[in-house]
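Input: a single structure, listed below in structure tokens.
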Amino acid sequence: MARLRIRVPSFRGLLVLVTGEGLTRLLSFLAVSLLTRRLGDRGWAPVEVSLAALQFGALFVEMGFPLLGAREVARDPAAAGRLLPRVLPTQLAIAAALALGALAAARAGLVDAEVGELLPGYGASLLLLPFVLSWIFQGRGEMVWVAAPQVVRQAVFLVASAALVSGVADRSRLAWAELLAVASAAAVALLALRRRGRLALAPRPAFDPRLLREALPIGGSQFLWALRMYLPTLLLWHLVEREALARYGVAHKIMMVLQALLTMYFTNLFPALSRAVHGPRADLRRLLLQSTAIAAGGTLLLALAVAYRAGPLLGLCFGAVFDHPEAVECLALLAFVIPLLALRGHSRMTLLALGRGRAELACSVAGTLLLALLVTWWGAARGASGAALALLAAEGFATLLTLAALRRALRASSLPHRIDPPEPLP
């Protein structure tokens, strides 16, 4: 058999993704900067909590299908036609349940009134999310159509929020801005898919058991990632004053922008990893070492720069009220979460490409449990900066566990020179 040549994925695909993500995050930052100035620190706090809830809802809807779908399409482009009829109805059913749950929670007073004014509209936007279909384009390597819908989404949200929200009294209109934004992203993706040619769709039932068995460990891991990233925000809502939560929230926003750029790197890398696990172990090791050196080294330099200029950066992005010692300390700590995510991400993606999602999920569970403990302890004692320190410590612990899990998975391979790939989905 011919020896596979595995190398770091194309720079062009990464450039497209990073450019698109840069535009997306710039537009998102402009929207947040505008809204924090119009709403103030106390007025922004319930928006921060609602956005965290929306993130959890989005991951429930995705349920691991995008990564699973991208993996299968990277191996066989025809898999898109087999998977889409099963993935879409399943995601829509989950989205409908979550939208109804958000409406019921708001109407029944199960959440604070300030959060309840946003939650139903944000829940309704989940019904449009399955139509963005980024996993098909990612698997095909068409990274421009992974990035373009997100750029359009944030551009529409910026314009809509600027037009609809002038102060705290208009805050509930943000839900309409979100609905318009997601609808625009879905429209771009569907038009792009249609222009690339019709899929040969094979009718399949929703909630297919085998598909769920493959997707749920991935979805569970992604949900736990969101829980780790956003659990401090939800817990601080009950532990500190609204202003302190807002200071943590804006520092967290900058961290998430940096994390999103790193995600684009892994989006570009994952199809290559999905193919590399079929090849010689030496080639896979070389790919991982080269890619880790690039990502971890680059993000460490970036974290140092952000920590050094944390105060001016916060003031520039969100207004002078957020150039506050508490927010500065939060950002200086959270910036160093990014190099840890760069290290952990390589192990996580390789485990998923190997079909070892359950091992990665166990590491995520352990990290999340530690985070919940530390945020409750350090958040109560040190406030917002304690929550930031807890996130940094828990992510470091989870990174060590994931590296160990990957090492075990590679050693457990029954083949001396080739990694045994998981069976493709039918």
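Where a number appears in this text, it was derived from the coordinates with a stated rule and is not lab data. As the structure is a prediction and not an experimental result, all values here were calculated from the model. Glycine also receives a Cβ, built like all others from the backbone with ideal geometry; neighbour counts cover every protein chain displayed.
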Between the modelled labels at SER172 and ALA305 (7 Å from Cα along Cα→Cβ) the distance in nm is 4.4 nm
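Which of the trypsin sites (Lys or Arg not before Pro) found in the range 100-200 are in a DSSP loop and have at most 16 neighbouring Cβ atoms, other than their own, within 10 Å?
Sparse-neighbourhood loop trypsin sites (Lys or Arg not before Pro): ARG196, ARG198.
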Env charge @ LEU118, Cβ radius under 9 Å, K,R +1 / D,E -1, value -2
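So what is the relative contact order for the range 216-420, in percent, with contacts set as C-alpha pairs under 8 Å and at least six apart?
Values: 256 pairs, mean separation 67.8, N = 205.
Normalised by residue count, the contact order of the range 216-420 is 33 percent.
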Computed about the Cα centre, the charge dipole of the range 11-207 from +1 Lys/Arg and -1 Asp/Glu charges at the Cβ has a magnitude in debye, to the nearest 20, of 740 debye
In nm, the gap between the two label points placed 7 Å beyond Cα toward Cβ at ALA104 and ILE294 is 4.8 nm
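Taking only C-alpha pairs under 8 Å that are 6+ residues apart, what is the relative contact order of the chain in percent? Kindly include the intermediate steps, with their values, before the conclusion.
Working: 657 pairs, mean separation 95.5, N = 426.
Relative contact order here is 22 percent.
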Under a Gaussian network model of the chain whose springs join Cα atoms within less than 10 Å, the largest fluctuation of LEU316, LEU389, LEU340 belongs to LEU316
Ranked by GNM mean-square fluctuation in the chain (Cα springs under 10 Å), the top entry among ALA388, ALA398, ALA307 is ALA307
In the neighbourhood of GLY220 defined by beta carbon distances under 15 Å, the net charge of the other residues (Lys, Arg +1; Asp, Glu -1) is +2
The chain, Gaussian network, Cα under 10 Å: of ALA113, ALA372, ALA79, the residue fluctuating most is ALA113
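Between HIS238 and THR263, what length in nm is gained on full extension when 0.36 nm per residue of separation is reduced by their alpha carbon distance? Walk me through the numbers on the way to the answer.
On the way: separation 25, 0.36 × 25 = 9.00 nm, distance 3.01 nm.
Between HIS238 and THR263, full extension yields an extra 6.0 nm.
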Here, the range 11-207 modelled as identical Cα point scatterers in vacuum has Debye log10 I(q)/I(0) at q = 0.10, 0.13 Å⁻¹ of -0.45, -0.74
With Cα coordinates, the longest principal axis of the chain makes an angle with the long axis of helix 209-239, in degrees rounded to 10, of 20 degrees
Simple spin-label estimate for ARG382/ARG37, 7 Å along Cα→Cβ, in nm, reads 3.3 nm
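Taking the Cα centre as origin and putting +1 on Lys and Arg beta-carbons and -1 on Asp and Glu beta-carbons, what dipole magnitude results for the chain, to the nearest 20 debye?
On the way: 42 positive and 24 negative charges, 361 e Å.
Using Cβ point charges on Lys, Arg, Asp and Glu, the chain gives about 1740 debye.
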Taking Cα atoms only, helix 242-276 is inclined relative to the longest principal axis of the chain by an angle, in degrees rounded to 10, of 10 degrees
Taking the dipole of the range 216-420 about the Cα centre (Lys, Arg +1; Asp, Glu -1; charges at Cβ), the one of SER291, ALA320, ALA335 that reaches farthest to the positive side is SER291
Given unit charges at Cβ for Lys, Arg (+) and Asp, Glu (-), the dipole magnitude of the range 216-420 about its Cα centre in debye, nearest 20, is 880 debye
The answer for the net charge of residues other than VAL47 whose Cβ lies under 15 angstrom from its Cβ, with Lys and Arg +1 and Asp and Glu -1, is 0
Given Cβ charges of +1 for Lys and Arg and -1 for Asp and Glu, the option among THR368, ALA394, PHE270 whose Cα lies farthest towards the positive end of the dipole of the range 216-420 is PHE270
Once the dipole of the range 68-177 is set up from charges on Cβ (+1 Lys and Arg, -1 Asp and Glu), the residue from the list ALA99, ALA74, VAL151 lying farthest towards its positive end is ALA74
Computed over the chain: longest principal axis from alpha-carbon atoms vs helix 144-164 long axis, angle to nearest 10 degrees, is 10 degrees
Yeah, the range 226-269 with a ≥ b ≥ c from its alpha-carbon gyration tensor (a/c under 1.5 is rounded, else prolate when a/b outruns b/c, oblate otherwise) is oblate
